[in-house]
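Okay, so here's the structure we're looking at.
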Amino acid sequence: SQTIHQWPATLVQPVGSPLSLECTVEGTSNPNLYWYRQAAGRGLQLLFYSVGIGQISSEVPQNLSASRPQDRQFILSSKKLLLSDSGFYLCAWSSGTGESGYTFGSGTRLTVV
Amino acid sequence: GESVGLHLPTLSVQEGDNSIINCAYSNSASDYFIWYKQESGKGPQFIIDIRSNMDKRQGQRVTVLLNKTVKHLSLQIAATQPGDSAVYFCAETRAQGGKLIFGQGTELSVKP
């Protein structure tokens, strides 16, 4: 069966520090991968999605970037965090063929101080 | 479309009553829709999905209705239980496997 892992679960980082959040999927090949952000009490905003290694689409201009160095690995990064980067970050995957629904990881709570 | 800048509306129901959560979607070209349940501090959990060639789909205690004419989705929960308390989101995509765009979300509170 397919599983998705996100880490860390929580993170407190100072303003101006770098960020790296990792997401991996197991049990499937060539998944579509997504990064979402959720501010407290609000909806989910799509940040990046990827249909293959090295293929990244950015949905909103921001202080973040994403990379997909391996088929089942998706990384969210920043060189210098801003206070406004605080939020709940969620990784998700779907089958590229559309056979499976979209499954989310457990999320990373990022607080920039 | 994405309503990520708005605070969540809330729905309060009595335990045992039926709940109806509504969602307006934005893209008339969307052809696949999903309802998610999100508990505090956790990722969204899949509840039920529906394709655009259907107008109703039933699961265990849940029913999704799709009205393409007015671009409206609803989630009906029968005999609502305290464990149903959560935030519920609808999501749409133009093709399964494509970008999934979330609606605003509704916070459901179940009173015992």
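Distance from the C-alpha centroid of region A:28-70 to that of region B:45-105: 23 Å, rounded to the whole angstrom.
Measuring nothing but how far apart in sequence close Cα pairs (under 8 Å, 6+ apart) lie, relative to its length, chain A scores a relative contact order of 36 percent.
Counting only other chain Cβ atoms within 10 Å of each residue's Cβ, the peptide A:39-52 averages 5. Averaging the sequence gap over all C-alpha pairs within less than 8 Å and six or more residues apart, then dividing by the number of residues, gives region B:64-112 a relative contact order of 33 percent.
Within straight-line reach of B:K68, meaning a Cα separation under 21 Å, sit the following lysines at least 8 residues removed in sequence or on another chain: B:K56, B:K99. For region B:1-90, averaging the sequence separation of C-alpha pairs within contact (under 8 Å, six or more residues apart) and dividing by the residue count gives a relative contact order of 36 percent. Projecting each Cα onto the charge dipole of region A:3-112 (Lys/Arg +1, Asp/Glu -1 at the beta carbon, about the Cα centre), which of A:L47, A:Q13, A:S95 comes out farthest on the positive side? Most positive-ward Cα: A:Q13.
Annotation: lysines with alpha-carbon distance below 25 angstrom to B:K111 (same-chain offsets under eight excluded): B:K37, B:K42. For region A:3-112, a crude dipole built from +1 on the beta carbon of Lys and Arg and -1 on the beta carbon of Asp and Glu, taken about the Cα centre, is about 320 debye to the nearest 20. Here each label is just a point 7 Å from Cα along the line to Cβ, and for B:A29 and A:N63 those points are 3.4 nm apart. Each of B:E39 and A:T10 was given a label point 7 Å from its Cα along the Cα-to-Cβ line. The distance between the two points is 1.7 nm. Considering only protein heavy atoms and a probe of 1.4 Å, how much of the accessible area of the protein assembly as shown is carbon and sulfur, as a whole percent? The nonpolar share, carbon plus sulfur, comes to 48 percent.
Could the peptides A:7-18, B:32-43, B:75-86 be put in order, highest first, of the mean number of other beta-carbon atoms found within 10 Å of their residues?
B:32-43, B:75-86, A:7-18
Only protein heavy atoms count here, probed at 1.4 Å, and on that basis chains B and A bury about 1900 Å² of accessible area in total.
The values are calculated or read from the model by the stated rules, or taken from the named source; none is laboratory data. The structure displayed is predicted, hence computed values, not measured ones. All Cβ positions, glycine included, derive from the backbone under ideal geometry; neighbour counts span all protein chains shown. These accessible areas exclude ligands, DNA and RNA; they are computed on the full protein's heavy atoms, side chains included. Shrake-Rupley method; radii C 1.70, N 1.55, O 1.52, S 1.80 Å.
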